[in-house]
Amino acid sequence: MRQRQASQDARRAREFESFVAGAAGRLLHAATLLTAEAPDDNPRARRLLTLSLAHTYACWDRLRGEDPYDRTRQYLATRFARGAWHQYGGLGGARPHATSPLASLGPQERLVVVLRLYEGVAEEQTAALLGLPTERVHTICDRATATLLHPPRGPAPAVRGAKVAAS
(Lines give C-alpha, C1' and ligand atoms only; values in the text may rest on other atoms or scores of the structure.)
Protein backbone atom coordinates (compact mmCIF):
# COMPACT_ATOMS: atom_id res chain seq x y z
CA MET A 1 0.00 0.00 0.00
CA ARG A 2 2.81 2.42 0.86
CA GLN A 3 4.57 1.62 -2.38
CA ARG A 4 1.41 2.41 -4.33
CA GLN A 5 0.99 5.75 -2.49
CA ALA A 6 4.63 6.62 -3.11
CA SER A 7 4.20 5.81 -6.80
CA GLN A 8 1.12 8.05 -7.03
CA ASP A 9 2.93 10.88 -5.21
CA ALA A 10 5.89 10.60 -7.58
CA ARG A 11 3.57 10.67 -10.61
CA ARG A 12 1.72 13.66 -9.20
CA ALA A 13 5.01 15.49 -8.61
CA ARG A 14 6.22 14.75 -12.16
CA GLU A 15 2.94 15.94 -13.68
CA PHE A 16 3.01 19.14 -11.64
CA GLU A 17 6.68 19.82 -12.45
CA SER A 18 5.88 19.35 -16.12
CA PHE A 19 2.98 21.79 -15.85
CA VAL A 20 5.12 24.38 -14.05
CA ALA A 21 7.93 24.03 -16.60
CA GLY A 22 5.49 24.80 -19.40
CA ALA A 23 3.30 27.46 -17.80
CA ALA A 24 5.35 29.32 -15.20
CA GLY A 25 6.92 31.79 -17.63
CA ARG A 26 3.61 32.98 -19.06
CA LEU A 27 1.97 33.06 -15.61
CA LEU A 28 4.87 35.06 -14.18
CA HIS A 29 4.57 37.55 -17.02
CA ALA A 30 0.83 37.88 -16.36
CA ALA A 31 1.50 38.37 -12.64
CA THR A 32 4.15 40.99 -13.42
CA LEU A 33 1.67 42.85 -15.64
CA LEU A 34 -0.96 42.68 -12.89
CA THR A 35 1.33 44.03 -10.19
CA ALA A 36 2.81 46.61 -12.61
CA GLU A 37 6.33 45.85 -11.46
CA ALA A 38 9.51 45.98 -13.49
CA PRO A 39 10.15 42.63 -15.25
CA ASP A 40 13.57 42.26 -13.61
CA ASP A 41 12.42 43.34 -10.13
CA ASN A 42 9.05 41.74 -9.39
CA PRO A 43 8.85 40.30 -5.85
CA ARG A 44 5.07 40.83 -5.56
CA ALA A 45 4.47 39.05 -8.88
CA ARG A 46 6.71 36.15 -7.84
CA ARG A 47 4.89 35.83 -4.53
CA LEU A 48 1.53 35.95 -6.30
CA LEU A 49 2.66 33.22 -8.70
CA THR A 50 4.06 31.08 -5.88
CA LEU A 51 0.78 31.27 -3.96
CA SER A 52 -1.20 30.41 -7.11
CA LEU A 53 1.00 27.43 -7.95
CA ALA A 54 0.84 26.20 -4.35
CA HIS A 55 -2.95 26.38 -4.50
CA THR A 56 -2.98 24.46 -7.78
CA TYR A 57 -0.66 21.79 -6.39
CA ALA A 58 -2.85 21.41 -3.31
CA CYS A 59 -5.90 20.66 -5.45
CA TRP A 60 -4.03 18.81 -8.23
CA ASP A 61 -5.77 15.48 -7.61
CA ARG A 62 -9.21 17.13 -7.67
CA LEU A 63 -8.78 18.79 -11.08
CA ARG A 64 -10.21 15.72 -12.89
CA GLY A 65 -9.86 16.87 -16.46
CA GLU A 66 -9.96 20.60 -15.66
CA ASP A 67 -7.15 22.62 -17.18
CA PRO A 68 -4.56 23.39 -14.47
CA TYR A 69 -3.52 26.55 -16.33
CA ASP A 70 -7.07 27.92 -16.14
CA ARG A 71 -7.29 27.06 -12.44
CA THR A 72 -3.94 28.73 -11.70
CA ARG A 73 -4.82 31.82 -13.76
CA GLN A 74 -8.18 32.11 -12.01
CA TYR A 75 -6.57 31.90 -8.57
CA LEU A 76 -3.87 34.38 -9.65
CA ALA A 77 -6.53 36.89 -10.72
CA THR A 78 -8.72 36.51 -7.64
CA ARG A 79 -5.72 36.60 -5.30
CA PHE A 80 -4.51 39.80 -6.98
CA ALA A 81 -7.95 41.42 -6.76
CA ARG A 82 -8.37 40.45 -3.12
CA GLY A 83 -4.85 41.63 -2.29
CA ALA A 84 -5.34 44.97 -4.05
CA TRP A 85 -8.63 45.45 -2.24
CA HIS A 86 -7.17 44.78 1.20
CA GLN A 87 -3.88 46.59 0.65
CA TYR A 88 -5.22 49.75 -0.93
CA GLY A 89 -8.80 49.93 0.31
CA GLY A 90 -10.28 49.11 -3.06
CA LEU A 91 -9.11 48.47 -6.56
CA GLY A 92 -8.21 52.07 -7.15
CA GLY A 93 -4.96 52.99 -5.40
CA ALA A 94 -2.10 50.64 -6.31
CA ARG A 95 1.39 52.04 -6.67
CA PRO A 96 2.79 50.69 -9.95
CA HIS A 97 6.42 50.82 -11.05
CA ALA A 98 7.07 53.70 -13.46
CA THR A 99 8.58 51.51 -16.21
CA SER A 100 5.71 49.02 -16.30
CA PRO A 101 3.77 49.08 -19.57
CA LEU A 102 0.50 49.13 -17.61
CA ALA A 103 1.64 51.67 -14.99
CA SER A 104 -0.95 54.24 -16.07
CA LEU A 105 -3.84 51.87 -15.26
CA GLY A 106 -5.50 51.15 -11.95
CA PRO A 107 -5.50 47.60 -10.54
CA GLN A 108 -9.01 46.76 -11.79
CA GLU A 109 -8.18 48.02 -15.26
CA ARG A 110 -4.90 46.06 -15.27
CA LEU A 111 -6.76 42.94 -14.19
CA VAL A 112 -9.33 43.24 -16.98
CA VAL A 113 -6.71 44.10 -19.62
CA VAL A 114 -4.47 41.19 -18.64
CA LEU A 115 -7.34 38.71 -18.60
CA ARG A 116 -9.01 39.95 -21.77
CA LEU A 117 -6.10 41.00 -23.99
CA TYR A 118 -3.04 39.13 -22.73
CA GLU A 119 -4.70 35.89 -21.65
CA GLY A 120 -7.56 35.96 -24.18
CA VAL A 121 -10.30 35.20 -21.65
CA ALA A 122 -13.79 35.86 -22.99
CA GLU A 123 -15.71 38.87 -21.72
CA GLU A 124 -18.37 36.70 -20.10
CA GLN A 125 -15.79 34.55 -18.29
CA THR A 126 -13.93 37.63 -17.08
CA ALA A 127 -17.18 39.11 -15.80
CA ALA A 128 -18.07 35.89 -13.98
CA LEU A 129 -14.60 35.63 -12.47
CA LEU A 130 -14.66 39.20 -11.18
CA GLY A 131 -18.34 39.26 -10.24
CA LEU A 132 -19.09 42.16 -12.57
CA PRO A 133 -21.70 42.63 -15.29
CA THR A 134 -20.42 41.90 -18.80
CA GLU A 135 -21.11 45.51 -19.86
CA ARG A 136 -18.91 46.78 -17.01
CA VAL A 137 -16.02 44.54 -18.09
CA HIS A 138 -16.45 45.79 -21.66
CA THR A 139 -16.41 49.42 -20.49
CA ILE A 140 -13.35 48.92 -18.28
CA CYS A 141 -11.47 47.21 -21.11
CA ASP A 142 -12.36 49.96 -23.60
CA ARG A 143 -11.37 52.73 -21.20
CA ALA A 144 -8.09 51.01 -20.29
CA THR A 145 -7.24 50.38 -23.94
CA ALA A 146 -7.93 54.02 -24.77
CA THR A 147 -5.69 55.11 -21.89
CA LEU A 148 -2.88 52.87 -23.13
CA LEU A 149 -3.21 54.00 -26.74
CA HIS A 150 -3.69 57.69 -25.97
CA PRO A 151 -2.05 58.50 -22.62
CA PRO A 152 -3.30 61.66 -20.94
CA ARG A 153 -1.15 64.69 -21.63
CA GLY A 154 0.21 66.98 -19.01
CA PRO A 155 -0.46 70.71 -19.01
CA ALA A 156 0.65 72.53 -22.14
CA PRO A 157 4.03 74.24 -21.75
CA ALA A 158 4.01 77.99 -21.50
CA VAL A 159 5.41 79.84 -24.51
CA ARG A 160 7.99 82.45 -23.53
CA GLY A 161 7.92 85.84 -25.08
CA ALA A 162 4.48 85.44 -26.61
CA LYS A 163 2.25 88.44 -26.27
CA VAL A 164 -1.47 88.08 -26.01
CA ALA A 165 -3.30 90.47 -28.30
CA ALA A 166 -6.25 92.19 -26.73
CA SER A 167 -9.41 92.09 -28.80
TODO: Scan (1) farther than 17 Å from residue 18 by Cβ; (2) surrounded by fewer than 18 Cβ atoms within 10 Å (Cβ to Cβ); (3) in contact (Cβ under 8 Å) with a residue 40 or more places away in the chain for the single condition residue 35 breaks and write down its number.
DONE: (2)
Open item on the list: For the condition touching a Cys at 6+ places or on another chain (Cβ under 8 Å) and surrounded by 13 or more Cβ atoms within 10 Å (Cβ to Cβ), what is the one hit in 12, 71, 46?
Closed with: 71
Task: Subset tally (residues that are within 11 Å of residue 36 (Cα to Cα) and not aliphatic (A, V, I, L, M)) for region 97-131 - done: 8
TODO: Please work out which residue is nearest to residue 107 (Cα to Cα), limiting yourself to region 122-148 and to residues that are of a type in the set (Val, Ile, Thr) and surrounded by 15 or more Cβ atoms within 10 Å (Cβ to Cβ).
DONE: 140
TODO: Count, please, the residues in region 115-132 that happen to be assigned to a helix (DSSP H, G or I) and without any contact (Cβ under 8 Å) to a residue 60 or more places away in the chain.
DONE: 11
Open item on the list: Here is a check on your reading of the model: is residue 119 of a type in the set (Asp, Glu), surrounded by fewer than 16 Cβ atoms within 10 Å (Cβ to Cβ), modelled with pLDDT of 85 or more and touching a helix residue (DSSP H, G or I) at 6+ places or on another chain (Cβ under 9 Å)?
Closed with: no
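The values are calculated or read from the model by the stated rules, or taken from the named source; none is laboratory data. Values in this document were obtained by computation on a predicted structure and should not be read as measured data. Quick reminder, even Gly has a Cβ in these numbers, built from the backbone with ideal geometry, and neighbours come from all protein chains shown.
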